[in-house]
Each structure stands twice: as structure tokens, then as C-alpha cells.
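The values are calculated or read from the model by the stated rules, or taken from the named source; none is laboratory data. Since this is a predicted model, take the numbers as computed values, not measurements. Backbone-built Cβ (ideal geometry, glycine too); neighbour counts: all protein chains shown. These area figures cover heavy atoms from the full protein model, side chains too; ligands, DNA and RNA do not enter into them. Shrake-Rupley method; radii C 1.70, N 1.55, O 1.52, S 1.80 Å.
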Amino acid sequence: MQKIQNYINGELVTPRSGDYIDNHNPATGSVYSLIPDSDERDVEIAVQAAKKAFPAWAAKSNEERSNILLKIADLITDNLDQLAAAESMDNGKPVWLAKKVDIPRAASNFHFFATGIIHYASESHNMGSEYINYTLRQPIGVAGCISPWNLPLYLFTWKIAPALASGNCVVAKPSEVTPMTAYLLSELCIKAGLPKGVLNIVHGYGYKVGAAITSHKDVPLVSFTGGTKTGAEIARVAAPMFKKLSLELGGKNPNIIFEDCNFDDALKTTVNSSFSNQGQICLCGSRIYIQRPIYDKFKEALVERVKKLKVAAPKDPEVKIGAVVSEDHMNKVLSYINLAQEEGGKVLCGGERVVLDGEYKSGWYIAPTVIEGLDHTCRTNQEEIFGPVVTLQPFDAEEEVLEYANSTAYGLSATIWTQDLSKAHRVAAKVKSGIIWINCWLVRDLRTPFGGMKQSGVGREGGWEALRFFTEPKNVCVKV
Ligand code: NAD
């Protein structure tokens, strides 16, 4: 069975403990590879390697760093098929989705920040003829980057690329649920000639490896994407150590559909924004608020479409809904469907596990599920489910839907559907979310600030925001 290895100081190495964790294929439920069960000893070696590599990496010109990162981007693109197959096998997502979205985006992340750093400028503030201030934006040192399982290589590289481009060295940990493409990336980094110690990837559990990274005294900045509870734990440890922190956390996103929307566009995109990647995208809309005059029509059309989404093995070219990521996660999602019914919700379609045939019969599949009849304050509508489950609720007035939309502890993203642009802008300004899409969803320009409000996070990623996070501004005032 394939054994994944850590990538430390430029080499692929086994964990100090000699122990491994089973890695499952969600499509079949079977173990197909082994993940290093690393601990603080591996993290210590990785941090020391990164510290040693830092002065030379930081001293390279932006162009030199850019050239190496561009090579990594090209290698990701050259290995698209292999990486997409690996991502799908690790995560359960359709192969076509990994090929169309996850892996191209991982290449774009490197490409974007490799070119962005060449254009990155810092400010100067001229004080008449006597004094001038200029601001240096210097790399900080060893950055800790910790990522989740839902978009494994996509989100892993979204942190690593700006950290490296701006001259930091990195100790990174992918999710122990989906480590394979991060491992394959380490092989590509070696091929690309990334100097040893610049990027280190330590695999294993969050409570061991993640905790050792976030509490390490020589890791002054931590970029984390994952659940809100884990984010709170990281903040509890890192804040008293005065680390720089970027936290991208959970969501419970509203779709606000007004009666004057373009019905067909709203319908088509709502199916996507509800069920893409089995509903396991932090930006998926899971609370669908529909204005009363079109509620029944929209509900019927939505349910009809959702029933047609093909639940199948990730390799099936026609698949729309693949496997959810793990047995635990499947049981969590199913428990929320039960809860919704206990709370008085009516399941309009889906609502159960799907058992496929043959080698896939023990895989973790859930039928896409639409529920109505719940109040916006119930647990089903307040807590993150993170699976192929959405609720529908009618509303009458704009103020009312704003109250519903803003009623959760989260504030990551929202979609607004109307052809009245004044209303769209008015509502966008009042929804408490970091990312709003009007008449579209998941359209991403990598220059824009990305992140959430309230318990969806602290700080922003993307564009200059990311490069600012990974650099320290230092103002220098000169008497001319
Ligand atoms: P998670 O919080 O369980 O794990 C995320 C990562 O943190 C993993 O690598 C894990 O091993 C590590 N970790 C766990 N405990 C740790 C600790 N004590 N110290 C340091 N690291 C630790 O999240 P998940 O289940 O992998 O991912 C799903 C969650 O991620 C959902 O809540 C989803 O909304 C969120 N998410 C948010 C965004 C965003 O941009 N806001 C994007 C994707 C996913």
C-alpha cells in the first residue's frame, strides 16, 4: 500500500514515530494509502529547516522567487490528470470537477502570486520638502499554513503561494482526511528546484501536527482555513503569543431570491451553489430564501432538478453528486437531516444515504436533500451542515429577509437574485457577509478580498490582502 511521506528540508521522509494513519477512498469506503502520523518532533525539524532556509529565500529577488513558483504552476498543469484523479480518490469529488476546478485553480494560485509579487509595491509618504517616509514590506519568517479537506490542493496552495512569493518559508499541514495531492505537490516542488527547507509539508492529525505548528515559538504567523471551533482553539493558543493570524472559518450562507429575479438563472445557479462538491464548499448557499409570490414555482422547479442530479461514483463522467468525504462526515450530515425533521421540517427530496452497486456499495453517498417548513432560528438553519442539504423558506419583505440572512453566527458569503440593481446594491450593503454575489455565484477574481465576518473568520486572503498578511510593514522616516 502506498505510504505518503513528509516533505522536510527538501526531502521526502518518514515520520519520527514510524506510525501511519489509514487513508480512505470515500467512493468505496476502503483504505487505499497510509498517512504519516507525525508529531511535534517532525514539526520541530521542519521549523528548523524553514528557519535555516529563510535568509537566503528572503534575500532572493522577487523575480527569482517568481520564476521557481511559475515552474511549480507549470508542473501542476502538466500533471493535471494525475492530480485530478488523486484528488477525487482522496476526497470523493467527481473527477471532472477536480479536473475543471480544483487542480487548475491550484496552478492559478501559484501563477497568480508568482506574477503578483513582481508588481507588489509599497507606499511612500512625502512630508513637504523636509521629510519623507517609505514603507518596507518585509517577509516575516516561518509561516504556518493549515488547510481543510473540502478543496484540498486548491486551498493548500492558496496559502502557500503568497507566503512563498513574499519571501517567507513555510511549514504546512494539509488535512489528514485528504493529504494525497499535497504529497504529490512536494514531489513537484523537488522537480521545480525549490531550495530545500523553503516549503515543508508535515502530515498528520490536527491535534498533534497542527497544534505543534500553531504553538511553535518560531512560527510568528499562522494562516488557517477550517472549522470555526478549530479556529477558536488556534486563536486561543496563538493570540497570547502575539502571532499574526488569518482565520478562514465556517459558513451558513443565504441565497436571497427576489420575485423579480431572472428565474432560470437563479434556479440553475442555486442548484450549483447548493450541491457542487456535495455541498462541501464553504461558499455553498444552504439557506434559500424565496420571495413568496414565486415560492411554490421556484420550489417545484428546484426539486424537479435536484431529483435529476446523478449520485454516482466519482469516475462516472455523468456524476453530479459524488461521495462525501468520510463516514463520520456522512453520519454528521445524516444526523442533521434527522434533526431537521425533528424540528418540523419536511423533506421534499433526498434525505437518505445512497447505496451504490459493486465496488462502491460501501462508499459514503448522500442524496441531495431539500427541506422546507423550518423557521430561520432553528438549529438546522443556524448550524453549519456542510453537505448536500438545503432549506427553503418564503419571505415577504426586504427587511424581513435581511433579518433571516443575518441571523446566524456566520458571515462568509451570500447570493442576491433580483433584476432591480438598486435593490441588489442596497441589500448587498446590509448583508453581514464578507463576499456577496449578485445574480451569480463563485465567480472568483483572485485580486479581490476573500474571507468572512463574525464567526466566519478574521482577516482576508487574496490579492494584495494576502501579500500584506505575509509581510510586515516597516515605516522608515528620513530627513531629506
Ligand atoms: P477542521 O477545522 O476540522 O480542520 C482543518 C485543519 O485544521 C485540518 O488540517 C486539521 O487537521 C487542522 N486542525 C485540527 N485541529 C487542530 C488544532 N488543534 N490545531 C491546529 N490545527 C488543527 O476543518 P475541516 O473539517 O477540515 O474543514 C471543514 C471546515 O472548513 C468547514 O467548517 C468549512 O466551512 C471550513 N472552510 C472554510 C473556508 C473559508 O474560506 N472560510 C474554506 C473551506 C472550508
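Between 0 and 90 degrees, rounded to the nearest ten: what's the tilt of helix 62-78 against the longest Cα principal axis of the chain? For helix 62-78, the angle is close to 40 degrees. Applying the Karplus relation 6.51 cos²θ - 1.76 cosθ + 1.60 with θ = phi - 60° to the range 96-104 yields 3J(HN,Hα) values of 4, 5, 4, 6, 8, 10, 4, 6, x Hz, where x marks Gly and Pro. Mind scanning K430/K454; K244/K479; K93/K268; K159/K191; K60/K100; K191/K315 and naming the pairs with a C-alpha gap bigger than 22 Å? In this structure, K244/K479; K60/K100; K191/K315 lie more than 22 Å apart at Cα. Measuring only protein heavy atoms, the 1.4 Å probe finds D396 accessible over about 80 Å². In this rough spin-label picture, where each label sits 7 Å from Cα along the Cβ direction, the M127-E44 distance is 4.7 nm.
How far, in nm, would the chain grow between E342 and A409 when pulled straight, counting 0.36 nm per residue and subtracting the alpha carbon separation? Display every interim value, and only then the final one.
Details: separation 67, 0.36 × 67 = 24.12 nm, distance 2.21 nm.
Gain on stretching E342 to A409: 21.9 nm.
Short-range pairs are left out: with C-alpha atoms under 8 Å and at least six residues apart, the relative contact order of the range 389-480 is 24 percent. Phi angles of the range 148-158 translate, via the Karplus equation with coefficients 6.51, -1.76, 1.60 and θ = phi - 60°, into HN-Hα couplings of x, 9, 6, 10, x, 6, 4, 7, 4, 6, 4 Hz per residue; Gly and Pro are given as x. Using the 1.4 Å probe convention, the accessible area of the range 253-447 works out to 41 Å² per residue with neighbouring protein chains retained.
Return the tail of the calculated pair distribution for the chain, meaning the percent of Cα-Cα pairs more than 45 Å apart. The proportion of pairs with Cα distances above 45 Å equals 13 percent. Pairwise Cα distances in the range 1-78 exceed 14 Å in 73 percent of cases. Please give the FRET efficiency for K310 paired with D420, using the beta carbon to beta carbon distance and R0 = 41 Å, rounded to the nearest 0.05. With a Förster radius of 41 Å, E is 0.70. Look at where the Cα atoms of the range 133-180 and of the range 397-430 average out, and the two centres are 32 Å apart. Computed across the range 253-447, the Kirkwood hydrodynamic radius from all distinct Cα-Cα pairs reaches 16.9 Å.
Given a cut-off of under 8 Å on Cα pairs at least six residues apart, what relative contact order in percent is computed for the range 253-447? Mind dumping the intermediate values first?
Values: 374 pairs, mean separation 54.2, N = 195.
After rounding, I find 28 percent.
Note the per residue figure in Å³ for the convex hull of the C-alpha positions in the range 247-291. Numbers along the way, then the final one.
Values: hull volume 3.0 nm³, N = 45.
Hull volume over Cα atoms, normalised by residue count, gives 67 Å³.
What is the packing order of peptides 248-261, 195-208, taking the mean over residues of other C-beta atoms within 10 Å and listing the highest first?
Working: 248-261: 24.4, 195-208: 22.5.
Going from most to least packed, we get 248-261, 195-208.
To the nearest 500 deg cm²/dmol, what mean residue ellipticity at 222 nm is calculated for the chain from DSSP H runs of n ≥ 4 alone, each contributing -39,500 (n - 2.57), summed and divided by the residues?
Numbers: 15 runs with 183 residues, N = 480.
It lands at -12000 deg cm²/dmol.
Sorting check: for 467-474, 449-456, which peptide has the highest mean count of neighbouring beta carbons within 10 Å, and how do the rest follow? Display every interim value, and only then the final one.
Numbers: 467-474: 18.4, 449-456: 21.1.
Result, highest mean Cβ count within 10 Å first: 449-456, 467-474.
Could you state the angle between the C-alpha long axis of helix 80-91 and the longest principal axis of the C-alpha atoms of the chain, as a value from 0 to 90 degrees rounded to the nearest 10? Computed tilt is about 60 degrees. Hey, what angle do you get for helix 292-308 against the long axis of the chain, alpha-carbon based, 0 to 90 degrees rounded to 10? Result, in degrees: 70.
Give the carbon-plus-sulfur fraction of the accessible surface of the chain in %, rounded to a whole number; probe 1.4 Å, heavy atoms of protein chains only. Could the numbers behind the result be given before it?
Numbers: 9970 of 19050 Å².
The computed percentage sits at 52.
Per-residue 3J(HN,Hα) values for the range 177-193, derived from phi via the Karplus relation 6.51 cos²θ - 1.76 cosθ + 1.60 with θ = phi - 60°, read 7, 9, x, 5, 6, 5, 5, 5, 4, 4, 5, 5, 5, 5, 4, 6, x Hz in sequence order (x marks Gly and Pro). Sorted from longest to shortest, the spans of the Cα atoms of the range 224-348 along the three principal axes equal 54, 37, 33 Å. The amide H of A143, built 1.01 Å from its N in the peptide plane, has C169, V170, V171 as neighbours under 5 Å, considering only residues 5 or more places off or on other chains.
Summary value for the chain: 19 percent relative contact order, contacts being C-alpha pairs under 8 angstrom separated by 6+ residues.
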